[in-house]
Amino acid sequence: MSKPESSQLALRYAIIAIVVGGLALLFYAVASGLGQRIVTAQEFVDYQEAGNPHLGFRRAHAKGFCIAGEFISSNHVGPYTTASVFNERSTPFVGRISTGGSNPTAPDLASSVRSLALSFNPGTRDAWNTAMNTPPVMPVRTPDAFFAQANAFAPDPETGERNPERIAEFLAAHPETQAAREWQASYTPTGSFATETYHSINAFFLVDDEGSKRAIRWSARPSSHTVPDSVIELDDDPNALRNELVARLENRPVMFDLIFTFANEDDDETDPTVFWGDDRTQRLAGVISIHSATTEAEGNCDGINFDPLILPRGMAATDDKILRARSAAYAESYRRRARENLFQAREGGSQ
Amino acid sequence: MSTRSYHVAARVLHWSMALLILSMLFAGLAMVQSLEPWHLTLLQLHKSFGVVALVAVLARVIIRARFTPPPLPNSVPPLQKKVAKLSHILLYAAMFAMPISGWLMQNAAGRPVVVFDMFALPSLLPQNLALYGFLREFHGWVAWAFIALILVHIGAALHHGLIKRDGVLQQMLGNKPKD
């Protein structure tokens, strides 16, 4: 074996250093966000926390409680999807009703967004999670625009007030916000979680047994048997709306019709900013029947990530950028609160 | 100088797994940050190829047991031989720990592990937030330890191949040393 000359030896050490060091640097760079062209999931959840994370809680829709019940299929949508939920007579679910915001102790009545989330068949190929909200549309169609909107509406750090000029500038640059703003202006919160309509917001595909895809959105509408007014007086208890729902459940299940709205030929299923009106084909997919409500401490919904992209066979994700981003952001929120639960750092909440 | 190479099956598995594992590590680090539409696609590929990696490491252990690896040359001091052996054990441990922790953390999150859209792995754990918290962090910790081990492994292999030129790198490349 010949001994290499010292200059050659130095070159060989340099090659090793470049290969190993270069690879190490590349790992470090990718982990630090190299190649991420838009806002990252971490930056997004950091924004939701606003420097004041409520440890152990969901970063969005932090305030909520668990529900359980069953979905009773109508047999009207079975031909469009092979999903077991819509082909079997009944499927049990665990769910969560919540209000918007990052504060787990905020009063129910203070929030402008209410939501109904359901989880079916966890851990199986027929697992389906859906997180539905009161607004029927998104104000924007990309995560970047969503972040820009959040920044535009955030209070000025110096004055503590919103900056109307920045807001006007954002709205002028984003005419797609119109449908969401019109809905917001027309919406009056009701006196019960049971009398709201909850929307999938994003569109999804139904996949039939031949593999054909049809784009739909869905909404949960109060069933015709629902008592329209609050069944108890809403007091200043921070859990006023939860108490109201529990009072309803003492008499009978709380029921919603799950309605599928099929896309028109002109509809773009990747655009969540456009409202899909009732002139489209609609089908009753079945009835969501809520049987019980419990606090998160007593219930079993806290471990669930209501990721809208946990979809069963017979349903598929659209290329809606907001939908894809929702899933990724939920995952980061889920990871953070799971870690906090592991280290038992959960704060006292609404239990 | 050792002239015997690793068995051809061991070499094919080593280099294909090297490619797979590096891709999986980069994909994992990138996808947990991304809000872009490809996030879902990459996530599904990551899970599917994770199952491939688990099957591959099982095959590799069987092949290693069946075909004794070539010994290190006598020029390697005994302590270094021990360190080399330990590093290989740790690499195997990481090759098992990564896919298994990935599988189990999906169980604890209540999500199925669907392999190339064909079938789902059985769920071995109940849905549990703290369990998910542990497994998710463990998956991340092992990934970084794995990256460190791989860097040491590459550095040591190149040191054998370029500086010591003792035929150890050739055992895995499969060609006879030139000099």
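Can you give me the number of residues within the range A:279-329 that are out of contact with any Ser or Thr (no Cβ under 6 Å at 6 or more places or on another chain), free of Cβ contacts under 8 Å to residues at least 24 places away in the same chain and either more than 25 Å from A:Phe57 (Cα to Cα) or part of a helix (DSSP H, G or I) (or both)?
Of the residues in the range A:279-329, 4 are out of contact with any Ser or Thr (no Cβ under 6 Å at 6 or more places or on another chain), free of Cβ contacts under 8 Å to residues at least 24 places away in the same chain and either more than 25 Å from A:Phe57 (Cα to Cα) or part of a helix (DSSP H, G or I) (or both).
Only residues that are in contact with a strand residue (DSSP E or B) (Cβ under 7 Å, 6 or more places away or on another chain) and either closer than 20 Å to A:Tyr187 by Cα or crowded, with 24+ Cβ neighbours inside 10 Å (or both): list them for the range A:102-121, please.
Once the filter is applied, which keeps residues that are in contact with a strand residue (DSSP E or B) (Cβ under 7 Å, 6 or more places away or on another chain) and either closer than 20 Å to A:Tyr187 by Cα or crowded, with 24+ Cβ neighbours inside 10 Å (or both), the range A:102-121 yields A:Asp108, A:Ser111, A:Val113, A:Arg114, A:Ser115, A:Leu116, A:Ala117, A:Leu118, A:Ser119.
Residues in the range A:333-348: is at least one touching a Lys or Arg at 6+ places or on another chain (Cβ under 8 Å), outside any loop (DSSP other than H, G, I, E, B), under 23 Å from B:Leu135 (Cβ atoms) and small (Gly, Ala, Ser)?
yes
Please count how many residues of the range B:49-95 are touching a His at 6+ places or on another chain (Cβ under 8 Å) and within 14 Å of B:Ala156 (Cα to Cα).
The qualifying residues number 2.
I need the full set of residues from the range B:37-60 which are surrounded by fewer than 17 Cβ atoms within 10 Å (Cβ to Cβ) and in contact with a strand residue (DSSP E or B) (Cβ under 6 Å, 6 or more places away or on another chain), in order please.
B:Ser48
How many residues are among the small types (Gly, Ala, Ser) and facing chain B (nearest Cβ under 9 Å) when one looks only at the range A:1-16?
So the answer is 1.
Restricting attention to the range B:115-125, does a residue exist that is buried (at least 17 other Cβ atoms within 10 Å of the Cβ), on the phi < 0 side of the Ramachandran plot, free of Cβ contacts under 8 Å to residues at least 60 places away in the same chain and facing chain A (nearest Cβ under 8 Å)?
Checked the range B:115-125: at least one residue is buried (at least 17 other Cβ atoms within 10 Å of the Cβ), on the phi < 0 side of the Ramachandran plot, free of Cβ contacts under 8 Å to residues at least 60 places away in the same chain and facing chain A (nearest Cβ under 8 Å).
Would you check which residues across the range A:311-348 are within 11 Å of the chain's Cα centre (by Cα) and hydrophobic (A, V, I, L, M, F, W, C) and list them?
A:Ile322, A:Leu323, A:Ala325, A:Ala328, A:Ala329, A:Ala331
Have a look at A:Thr226, A:Thr197 and point out the one that is within 20 Å of A:Phe71 (Cβ to Cβ), modelled with pLDDT under 95 and either acidic (Asp, Glu) or surrounded by fewer than 20 Cβ atoms within 10 Å (Cβ to Cβ) (or both).
A:Thr226
Just to be sure I understand, how many residues within the range B:1-36 are within 14 Å of chain A (Cβ to nearest Cβ), surrounded by fewer than 17 Cβ atoms within 10 Å (Cβ to Cβ) and assigned to a loop (DSSP other than H, G, I, E, B)?
2
Among (1) within 14 Å of chain B (Cβ to nearest Cβ); (2) surrounded by 18 or more Cβ atoms within 10 Å (Cβ to Cβ); (3) touching a Phe, Trp or Tyr at 6+ places or on another chain (Cβ under 7 Å), there is one condition A:Ser327 misses while meeting the rest; what is its number?
It is condition (3) that A:Ser327 fails.
Take the residues of the range A:122-133 that are surrounded by fewer than 23 Cβ atoms within 10 Å (Cβ to Cβ) and touching a strand residue (DSSP E or B) at 6+ places or on another chain (Cβ under 6 Å): which is nearest to A:Pro53 (Cα to Cα)?
Ranking the candidates gives A:Asn133 first.
Could you identify the single residue in B:His39, B:His46 that is part of a helix (DSSP H, G or I), closer than 27 Å to A:Gln36 by Cβ and more than 18 Å from the chain's Cα centre (by Cα)?
That would be B:His39, the only listed residue that is part of a helix (DSSP H, G or I), closer than 27 Å to A:Gln36 by Cβ and more than 18 Å from the chain's Cα centre (by Cα).
Can you tell me which residue among A:Ser219, A:Ser223, A:Ser212, A:Ser186 is in contact with a His (Cβ under 6 Å, 6 or more places away or on another chain) and of a type outside the set (Asp, Glu)?
Selected residue: A:Ser219, the only one of A:Ser219, A:Ser223, A:Ser212, A:Ser186 that is in contact with a His (Cβ under 6 Å, 6 or more places away or on another chain) and of a type outside the set (Asp, Glu).
In the range B:139-178, what residues are under 16 Å from the mean Cα position of the chain (by Cα), closer than 24 Å to B:Leu29 by Cβ and touching a residue at least 40 places away in the same chain (Cβ under 8 Å)?
Hits for the range B:139-178 are B:His139, B:Val142, B:Ala143, B:Ala145, B:Phe146, B:Ile147, B:Leu149, B:Ile150, B:Val152, B:His153.
Mind checking which pairs have a first residue in the range A:32-50 that is closer than 16 Å to B:Phe26 by Cβ and more than 7 Å from chain B (Cβ to nearest Cβ) and a second that is surrounded by fewer than 17 Cβ atoms within 10 Å (Cβ to Cβ) and of a type outside the set (Asp, Glu), Cβ under 9 Å, 6 or more apart or different chains?
These pairs meet every condition: A:Leu34/A:Leu26; A:Leu34/A:Tyr28.
Taking B:Phe96 as meeting all but one of (1) within 25 Å of A:Ala31 (Cβ to Cβ); (2) crowded, with 17+ Cβ neighbours inside 10 Å; (3) touching a residue at least 40 places away in the same chain (Cβ under 8 Å), write down the number of the exception.
(2)
Within the bounds of the range A:277-284, is there any residue that is assigned by TED's automatic domain parsing to the domain that holds A:Ala60 and crowded, with 22+ Cβ neighbours inside 10 Å? Lay out the reasoning, then the answer.
Restricting attention to the range A:277-284, the residues satisfying the condition of being assigned by TED's automatic domain parsing to the domain that holds A:Ala60 are A:277-284.
Within this subset, residues satisfying the condition of being crowded, with 22+ Cβ neighbours inside 10 Å are none.
Checked the range A:277-284: no residue is assigned by TED's automatic domain parsing to the domain that holds A:Ala60 and crowded, with 22+ Cβ neighbours inside 10 Å.
The values are calculated or read from the model by the stated rules, or taken from the named source; none is laboratory data. If you're wondering where the values come from, they're calculated on a predicted model, not measured in any experiment. Glycine gets a Cβ as well: all are built from the backbone with ideal geometry, and neighbour counts include every protein chain shown.
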